[in-house]
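Working notes, beginning with the structure itself.
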Amino acid sequence: MSEDNGAPEVWPTSDSTVIDATVEDVMAVISDFDSYPEWSTSIRVAEVLSVGADGRPDRVRFALEAGAIVDDYVLAYSWSADHRVVEWRLESSALQRAQKGSYRLEPVEGGTRVDYELEIELVVPVIGRLRDRAERRILSEALRELKRRAESR
């Protein structure tokens, strides 16, 4: 976390979980952006703006409300040929200077191991307590709510 010295506010975070579902089922949930508002409590809107040659979304607009963090942003996606990795980077945002992240899926005994990484650079600093709450909420939705959604299919 940056002090008030003009340095960027960068939030790196990562976590993993095992989901009792196939790699294909987990990736189907991840790639179904239109359904995000149904299971992700912070995503108010997820709108696919364009689809790549592989038929998968490559630009998606989100409206986010995660406590004190409210933003409208567009992410550019790239998908691995084996359908086990999706990566993204920020294309535009009012609140974020940069964002990059990924989901990496690996079949394991008992389902699919999901490794999640995210790094966000905000335009303005956020005080510690608000940042901690927002980070917990982001991780919760990225993994726990994804797990719940994939396992309920």
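Read the figures in this text as sums done on the coordinates, not as results from a lab. Quick caveat, the model's predicted, so the values are computed rather than measured. Please note: Cβ atoms are built from the backbone with ideal geometry, for glycine as well, and neighbour counts cover all protein chains shown.
Observations
- Length available on full extension from S80 to T13: 0.36 nm per residue minus the Cα-Cα distance, which gives 21.9 nm.
- Radius 14 Å from Cβ of A94, net charge of other residues (Lys, Arg +1; Asp, Glu -1): -3
- Centre-to-centre, using Cα atoms only, region 41-57 and region 58-107 are separated by 10 Å.
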